[in-house]
Amino acid sequence: MNGKVLHTLEFDKITSILEGYCGSAPAKNMCATLRPSQNPEWIEKAQAQTAAAFSRMLKSDRLSFGANFDARQLLKDASIGRPLSMEELLKVARLLQCVEDLIKYGEDTAAETADDLTELFNTLISVSPLKNEINRCIVSEEEMADDASSELRRIRNSFATVSGRIHNQLNHMVNQSLRTYLQDAIITKRGDRYCIPVKSEYKSQVPGIVHDQSSTGSTFFVEPAAIVELNNQLNSLKREEDDEIRRILAALTAKLAENADIVNEDQKSVTMLDFIFAKAKYALKLNAMRPVYNTEGRIRLRSARHPLLDQSKAVPIDISLGDKYDLLIVTGPNTGGKTVSLKTVGLLCLMGQAGLHIPAADRSELSLFGDIFADIGDEQSIEQSLSTFSSHMSNIVWILKKAKRDSLVLFDELGAGTDPVEGAALATAILDRLHSQGIRTMATTHYSELKIYALSTEGVENAGCEFNVETLSPTYRLLTGIPGKSNAFAIAGKLGLPEDIIDNAGQYLSNEEESFESVISELQDKRIRLEAELAEFSKEKEVLEQRIKELTERESKLESQKEKILNNAREEAKELLQEAKEVADETIRAFNNQGNQMKIQTMEKKRSNVREWLSKQDEALYKDTLKRNKTEKKESVGAALKPSEALPGTTVHVLSMDVDGEIISAPDKDGNVQVRCGIITSRVPLDELVKTELSDKQIEMNKPKKSQPKLDLSRASHISAEINVLGCTVDEAIARIDKYLDDAYMSHADKVRIVHGKGTGALRKGIHDYLRFNSIVKHYELAAHGEGDAGVTIVSF
């Protein structure tokens, strides 16, 4: 990879930012020397390691690399026998503690299956004995612990004893025997000898050795003869202490030398982990993703953002290159985002090949490029001269010589800085050469000739940077497939340039140029409309998908309930059959035991008992079915009605009658309300009602019609929609049904329900025979499944 492009595309700024996420100097050095690679295996491994570190950081980000340092020279010194200082040994101990912390972190954040950092974590080896020994012996960078060795403890104890004797004697001299000879009542040191300050006139009165005198000559610092030997002992003990400390440091250094290879490999692994986790931290900051690499030279970036821009304000762009076209020509107004789009593509390719995640949406694709070339200047300069053009052209000539089929070439304002006609012709020829060689190329321009070249050449595509003329500001959106407009006339008009000047300027445009710009405007208008329609379609699609999801869940729930109901019914039928068998067996045994001796009255009583048992079973089954139907109705028709909602005018569904109606009175003390269903008004408990929505037509039908003749409806006000004749004989049932049908018919009811149960079927047959010859009955049929089945007959007048 040529070094020039790294600076042109600002890759060096990326590595500088990356250094800030490292915890140690060795890892920062790795960031500073990071370069894009052309090795696909290295790139995949680096990307996988970054992704693994990213995943582990989501579990825990409590890891530190501050103790890591380049230990190579230190380990080399230890290996040749140079005793290390306490400061150097403590640095080693902190490094070994960092290794242990990382080993624990690797275990705590490990996934069920090994990731691409598992092997690196496994290379870390704990050297706890060495670390613990260093920490036991060394208190700080300047102090050795008393317990570092028994000899050191003995020496320091002796040192303390002798020092105590010296101070006792000197204190006695200062405070008592020699007080009048002293300048001050203090004990001082000169060099490593304890002294007292004696007045010059009494120097001869204090036997001892003079070590110093004051600048005025009035004070002599005398070591009294009585403590000379003690001071000698103290100095001797100090030398012994220094020797013992050197011996301990040498011993610790020797232990380090024994583990030098392990420590060296640990340090390398820690540095690599620091570097990898720095990449993961940067990816987390950018909300970056791992790119997918292909071998077809294809770039497909989704919602890509330039990493050096404020990520909260950067406008994501979608860019594709190398799939249906290998040359993309980007046009649009100045400051519209053309150069940023160009740099985004190049920089993200460099980042990906350096093992860094890229700030783009998931599933973004990159290809491995052998080299990347960029000729990017300052498109805002208004002082471009021939020298500027020459400089750019020299760079372009170099690019044309070096670029190969696996290269990516980026041009910013290709052909600018010279005569527009010649510049456009040169730009077209240069791009055509690269296109013919199949080199992936992206170029920005203002030349209309290049827009036409893209429209008329296969494998070349236009793209435009969107600009809001109303606000005179770019939106920074890149629109592939539509060439951008410079919008010079519109911007000039918004800024106040007289309209006649703008109209006059339009006359200097050729018909072809004017027509071309008109086509671009129409395309942009169509794109805006299509995007609006697409957004509306997407919204409706989301609603539809949510509705489908709800219906699927409801269907699944109903299937589950259906299976549960069927299972319960099978169990109940099984129990009912067993009970019926027992009753029948008992009756048969009674007949067999008594034979012809059984009286007629007894036989009739037995038969009545069986019939009564069957009636009870029918009634229980009916009540259970009715209860279940009410529950299902509540779930399917609407929400349960609350007392506060039972207001006159509220439309409801009456579960027991399976009809819709309207509440015409507030609830009474028993919780009942008056509900008008057609021309019939009934008193219904609140738990029989659910909320529903009636159409205007249905509400109108429920209202009493003024044109109807006045009838005596006193009986109809309490007519129920069904009659229950369970347990009755055929004659009893027909007598009750006959009166009930007359009342219902006079109430102008459309149809009613007769609950007779299933049983042996005799009661149902007798009722049907009666209904067949009743003149007011138009039609009758058994109820539908789930509404009573063969145990209920629906009668229509």
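The values are calculated or read from the model by the stated rules, or taken from the named source; none is laboratory data. Computed from a prediction, not measured in an experiment: that's the story for all the values here. Counting neighbours? That spans all protein chains shown, and the Cβs are built from the backbone with ideal geometry, glycine included. These accessible areas exclude ligands, DNA and RNA; they are computed on the full protein's heavy atoms, side chains included. Shrake-Rupley method; radii C 1.70, N 1.55, O 1.52, S 1.80 Å.
Values computed for the structure shown
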| read-out | value |
| --- | --- |
| Of residues in segment 171-211 being basic (K, R) and within 28 Å of L237 (Cα to Cα), the one surrounded by the fewest Cβ atoms within 10 Å (Cβ to Cβ) | K189 |
| Qualifying positions in segment 110-140 - part of a loop (DSSP other than H, G, I, E, B) and polar (S, T, N, Q) | T113, T123, S126 |
| Selected residue [part of a helix (DSSP H, G or I), over 16 Å from S163 (Cα atoms) and touching a residue at least 40 places away in the same chain (Cβ under 8 Å)] from L234, L230, L249 | L249 |
| Test: residue in segment 692-709 that is modelled with pLDDT under 85, under 19 Å from S796 (Cα atoms), open to solvent by 50 Å² or more (accessible area, probe 1.4 Å) and not in a helix (DSSP H, G or I) | no |
| Output for segment 54-86, where each listed residue is among the small types (G, A, S) and in a loop (DSSP other than H, G, I, E, B) | S60, S64, G66, A67, A71, G81, S85 |
| Any hit, segment 350-361, residues being open to solvent by 10 Å² or more (accessible area, probe 1.4 Å) and either at pLDDT 95 or above or assigned to a loop (DSSP other than H, G, I, E, B) (or both) | yes |
| Residue in segment 199-212 that is assigned to a helix (DSSP H, G or I), among the acidic types (D, E) and at pLDDT 90 or above present | no |
| Where D585 falls short, out of the listed (1) open to solvent by 100 Å² or more (accessible area, probe 1.4 Å); (2) modelled with pLDDT under 75; (3) more than 30 Å from P483 (Cβ to Cβ) | (1) |
| Residues of segment 268-303 that turn out to be assigned to a loop (DSSP other than H, G, I, E, B) and either farther than 30 Å from I439 by Cα or over 20 Å from the mean Cα position of the chain (by Cα) (or both), as a count | 5 |
| Some residue of segment 30-53 being farther than 25 Å from L366 by Cα, open to solvent by 70 Å² or more (accessible area, probe 1.4 Å) and either assigned to a helix (DSSP H, G or I) or small (G, A, S) (or both) | no |
| Boolean, L309 is part of a strand (DSSP E or B) and either under 27 Å from the mean Cα position of the chain (by Cα) or crowded, with 23+ Cβ neighbours inside 10 Å (or both) | no |
| Qualifying residue in segment 327-343 (condition: open to solvent by 10 Å² or more (accessible area, probe 1.4 Å), closer than 17 Å to R298 by Cβ and either within 32 Å of the chain's Cα centre (by Cα) or at pLDDT below 95 (or both)) | no |
| The listed residue being under 40 Å from the mean Cα position of the chain (by Cα), modelled with pLDDT of 75 or more and open to solvent by 30 Å² or more (accessible area, probe 1.4 Å), out of G438, G459, G481 | G481 |
| Checklist (1) over 19 Å from V345 (Cβ atoms); (2) at pLDDT below 85; (3) not acidic (D, E) applied to K401, failing item | (2) |
| All positions within segment 751-797 that are part of a loop (DSSP other than H, G, I, E, B), open to solvent by 50 Å² or more (accessible area, probe 1.4 Å) and in contact (Cβ under 8 Å) with a residue 40 or more places away in the chain | K758, T760, E787 |
| Conditions (1) assigned to a strand (DSSP E or B); (2) touching a Pro at 6+ places or on another chain (Cβ under 9 Å): number failed by M173 | (1) |
| Count - residues of segment 710-750 that are of a type outside the set (G, A, S), in a helix (DSSP H, G or I) and at pLDDT 80 or above | 14 |
| Number of positions in segment 155-168 that are open to solvent by 70 Å² or more (accessible area, probe 1.4 Å) and without any contact (Cβ under 8 Å) to a residue 40 or more places away in the chain | 3 |
| Number of the condition not met by E119 [criteria: (1) surrounded by fewer than 20 Cβ atoms within 10 Å (Cβ to Cβ); (2) farther than 23 Å from D274 by Cα] | (2) |
| Residue match in segment 147-154 (condition: open to solvent by less than 60 Å² (accessible area, probe 1.4 Å), in a helix (DSSP H, G or I) and within 18 Å of L84 (Cα to Cα)) | yes |
| Every pair of residues 6+ apart whose Cβ atoms lie under 8 Å, when the first sits in segment 424-436 and is within 16 Å of A403 (Cβ to Cβ) while the second is among the charged types (D, E, K, R) and modelled with pLDDT of 90 or more | H435/D326 |
| Selection within segment 1-18 - part of a helix (DSSP H, G or I) and surrounded by fewer than 17 Cβ atoms within 10 Å (Cβ to Cβ) | G3, K4, H7, D12, K13, S16, I17 |
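Every residue, every condition in (1) surrounded by fewer than 19 Cβ atoms within 10 Å (Cβ to Cβ); (2) touching a Lys or Arg at 6+ places or on another chain (Cβ under 7 Å); (3) within 25 Å of E142 (Cβ to Cβ); (4) of a type in the set (V, I, T), yes or no:
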| residue | (1), (2), (3), (4) |
| --- | --- |
| D70 | yes, no, yes, no |
| S85 | yes, no, yes, no |
| L89 | no, no, yes, no |
| G106 | yes, no, no, no |
